[in-house]
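So the structure is just underneath, and the comments pick up after that.
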Amino acid sequence: MTRLRRPRVQAALVALLGGVVVYTLAHVVFPYHTSNHDEAVYLQQAAMLLEGQLYLRPPVDGPFRPWFFVESGQGLYSKYTPPTAAMFAVGKLLGGYRIALGLIATGALVGTYHTVREAFDARTGVLATVLMLASPLFVVEASIFLSYVPALFWNLTFAASYLHADRTGSRRTATLAGLAVGIAFFTRPYTAVLFATPFILHALWTLREQGRAVLDRVGLTALFGLVGVAVTLGYNAVLTGHPTVFPYQAFAPLDGLGFGYREIAGYSRTFTPQLSLRANAEVLWLFATEWVVAGPLGILAALVGLRTVRRRGFDDRQLALAGVGLSVPLGNLLFWGNLNILGALADPSDGLVSSFGPYYHTDLLVPVVAFGAVGLLAAVAWARETLPNQVSADRARPAVTALLLVGAALAGSVAVAAVAAPVEENYDVTRQYEQTYEPFDGRELDDSVVFLPRTYGNWLNHPFQMLRNDPEFDGETVYAMQRQQFAVVDSYPDRSYYRYVYRGQWARSWASRSSRGSSGSGSRAERL
């Protein structure tokens, strides 16, 4: 019992519980993956890394190109950088890709505890970890194969290590901070820059002391962080031919930061400052009302926490953590992706945001849960100080206990309802996918080639994410698009051939940025 009272043990239990929850949701709610078809990109890339490959070299050009892969003279390569896929690949080595999801979620929760502990104290860190686990945005994003929670893991590792080094002067954790922010940059460059900016400003502020120890510590963090930047630029040079051209730019040169005409895969918009303000206002509203812990109650707790810390007086580390609450939303004003995830601006239920939340703002959860924990603890302290003055001493303790229980029950029910809503919506998609993949269930397709329909053009795994090829295109089942079929047959002369077809139309198109799945009135695999 004594050990369970230790904050470190409590945080570890919350983190382990979070890993189990995420692993379970990944299996139960997302067995066929989601309506965000980028998951297959990362999993295809993970399979390639396990084989030591950066490129796919299919036997026939054209019918084997996966979604979001770039054509080059060396072969096909992913538009995404490899750290996220490498993390998923570790899960495969341990027994299954979804194991990685549970481990990453556990690591992110551990990082939450240590970051908030360094900025405040251990008790606040434990509560912040609970609030992170109860946030729908974290739970959903952690349960699927996308890069937002892996990037959050590295950003939290950086923040916790940086704050620890600042407090203790540790060169070891200063080095770890640099390595973590470097990997975060390699994972999601702009996300890492937005998260790290307040800490960079903090580091510059501390350098005013001009002490040798401070210079050494900050220098180590900067040095190893720049190593990560150098690795990223080197990777760009190898794949795209230029260090400052990222793979996503090679795939879609007009898919970048800033205002003006933007385009990706046939979808285009003129992104103006006015449109950005409108889209980001809606994204932040959804974040605050639906996707943080307990919705508006969580935001209220964070505001109370900010007021409490302001009254006590911010220290410089707390100010850096609070700065993330500004750098993330301000930086996202320059990114047109926040417009795309909304679908129709007038309809909050449209677009990818309805199922996955405002995922470009995932890092914004960190200051919200940190200051939310401060606010909740301040509210408890206020109740304990105030009630004894209002009621007799013998009734004060039961009154405080009753108040805490009612508050916990209310907040808990709101938090559970908030998490349940997106989980239920995603499970509706899963039930539709069950129909989609029914022709493959329990069917022997060894030594075969399956031709797939071009639902969204000349792409594999868009939308059929489950039907992926081995990196060498020599698996028991090979999947190809329904084009150049004679050339494919010539490449696999000794296999059986099937064609997958469905009646009706897919539910939504790529133009809506949602493309959630329904295969019409029926589907089947026909032998050719």
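Which pairs have Cβ atoms under 8 Å, sit 6 or more apart or on different chains, and link a residue in region 475-493 that is under 10 Å from V60 (Cα atoms) to one that is of a type in the set (F, W, Y) and part of a loop (DSSP other than H, G, I, E, B)?
Filtered contacts from region 475-493: A480/F64.
Does region 469-496 hold any residues that are part of a loop (DSSP other than H, G, I, E, B), at negative phi and under 38 Å from the mean Cα position of the chain (by Cα), and which are they?
Hits for region 469-496 are N469, D470, P471, E472, D474, G475, E476, Q482, R483.
On the basis of being assigned to a helix (DSSP H, G or I), open to solvent by less than 30 Å² (accessible area, probe 1.4 Å) and of a type outside the set (F, W, Y), does V238 make the cut?
Against the criterion (assigned to a helix (DSSP H, G or I), open to solvent by less than 30 Å² (accessible area, probe 1.4 Å) and of a type outside the set (F, W, Y)), V238 does not qualify.
Would you check if there is a residue in region 449-464 being more than 18 Å from W67 (Cβ to Cβ) and either among the charged types (D, E, K, R) or at pLDDT below 90 (or both)?
Taking every residue of region 449-464 in turn, none turns out to be more than 18 Å from W67 (Cβ to Cβ) and either among the charged types (D, E, K, R) or at pLDDT below 90 (or both).
Are any residues in region 241-266 open to solvent by 30 Å² or more (accessible area, probe 1.4 Å), in contact (Cβ under 8 Å) with a residue 24 or more places away in the chain and part of a helix (DSSP H, G or I), and if so, which ones?
Answer for region 241-266, where residues must be open to solvent by 30 Å² or more (accessible area, probe 1.4 Å), in contact (Cβ under 8 Å) with a residue 24 or more places away in the chain and part of a helix (DSSP H, G or I): Y248, A250, F251.
Here is a list: A192, A160, A151. Which entry is in a helix (DSSP H, G or I), open to solvent by 10 Å² or more (accessible area, probe 1.4 Å), touching a helix residue (DSSP H, G or I) at 6+ places or on another chain (Cβ under 6 Å) and among the small types (G, A, S)?
A160
Do you know which residues across region 32-85 are in a loop (DSSP other than H, G, I, E, B), closer than 20 Å to I104 by Cβ and of a type outside the set (S, T, Y)?
Within region 32-85, H33, N36, P82 qualify.
All but one of (1) in a helix (DSSP H, G or I); (2) over 27 Å from V449 (Cβ atoms); (3) not hydrophobic (A, V, I, L, M, F, W, C) hold for K92; which doesn't?
(2)
For region 267-285, which positions are open to solvent by 10 Å² or more (accessible area, probe 1.4 Å) and assigned to a helix (DSSP H, G or I)?
Hits for region 267-285 are P273, Q274, L275, L277, R278, A281, E282, L284, W285.
Looking at L223, L207, L176, can you tell me which residue is open to solvent by 20 Å² or more (accessible area, probe 1.4 Å), at pLDDT below 95 and more than 30 Å from N338 (Cβ to Cβ)?
Every option except L207 fails the conditions.
Given (1) assigned to a loop (DSSP other than H, G, I, E, B); (2) open to solvent by 40 Å² or more (accessible area, probe 1.4 Å); (3) modelled with pLDDT under 95, where does L4 come up short, assuming only one miss?
(1)
Of the residues G313, G323, G337, G331, only one is open to solvent by less than 20 Å² (accessible area, probe 1.4 Å) and free of Cβ contacts under 8 Å to residues at least 40 places away in the same chain; which?
G337
Out of region 428-457, which residues are in contact with a strand residue (DSSP E or B) (Cβ under 9 Å, 6 or more places away or on another chain), open to solvent by 10 Å² or more (accessible area, probe 1.4 Å) and among the polar types (S, T, N, Q)?
Selection gives Q435, T455.
Quick check, is G102 open to solvent by 50 Å² or more (accessible area, probe 1.4 Å), out of contact with any Ser or Thr (no Cβ under 8 Å at 6 or more places or on another chain) and either within 16 Å of N236 (Cα to Cα) or among the small types (G, A, S) (or both)?
Taking the combined requirement at face value, the residue does not satisfy it.
Return yes when S78 is open to solvent by less than 10 Å² (accessible area, probe 1.4 Å), in contact with a strand residue (DSSP E or B) (Cβ under 9 Å, 6 or more places away or on another chain) and polar (S, T, N, Q) and no when it is not.
Answer is yes for this residue.
The values are calculated or read from the model by the stated rules, or taken from the named source; none is laboratory data. Because the structure is a prediction, the values reported are computed rather than measured. Cβ coordinates were reconstructed from backbone atoms using ideal geometry, including for glycine residues, and neighbour counts include every protein chain displayed. With ligands, DNA and RNA removed, areas are computed over all heavy atoms of the protein, side chains included. Shrake-Rupley method; radii C 1.70, N 1.55, O 1.52, S 1.80 Å.
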